[in-house]
1. Extension gain Val27-His12, at 0.36 nm per residue separation less the Cα-Cα distance, in nm?
2. Can you tell me the equivalent ellipsoid semi-axes for segment 9-93? Use √(5λ) from the Cα gyration tensor, largest first, whole Å.
3. Could you bin all the Cα-Cα distances of segment 17-61 into 5 Å bins starting at 0 and give me the percent of pairs in each, rounded to whole numbers?
Amino acid sequence: MNFDRMPSVQTHHESFFWIIMLPVLAVVMPAALWGEIVRVFRFIGRSRLIRRVQVKENTRAQRAQRVEKRRRNTVEQEREAKGKQEGATTTAAAAAVAGSGANGTGEKGKTG
């Protein structure tokens with residue numbers, strides 16, 4: 001190629017090319033890639049939406065598990081308390097029977 005006759009090459013440096021090229025590139029590239037840019041933003045939006053829904057579902061599931069665990073613990077505590085109460089009643093009844101003696105006078109060892 002014969003660049004001797006081009007005044008832009010003789011009087012300007014390589015920076016002259018980039019001064020012209022960068023603004024042109026800034027307009028042409030987005031225009032050429034507009035469809036791909038839109039696809040990327042839609043993909044990001046969909047993936048964020050899916051992630052948000054999954055987080056909500058996980059949160060609901062975790063909340064349901066916590067509620068179920070609390071309910072089970074409460075039921076178990078109630079059963080234990082009821083068992084202790086029945087055990088205490090049974091023990092008190094056994095002590096009363098043992099304390100009454102064989103003759104029913106309430107005094108041990110004495111017979112009528």
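1. 3.0 nm
2. 76, 14, 4
3. Using 5 Å bins, I get a P(r) of 5, 19, 13, 13, 11, 10, 8, 7, 6, 4, 3, 1, 0 for segment 17-61.
Computed from the coordinates by the stated procedures, all read-outs in this text should not be read as laboratory data. Just so we're clear, the structure is a prediction, and the values are computed from it rather than from any experiment.
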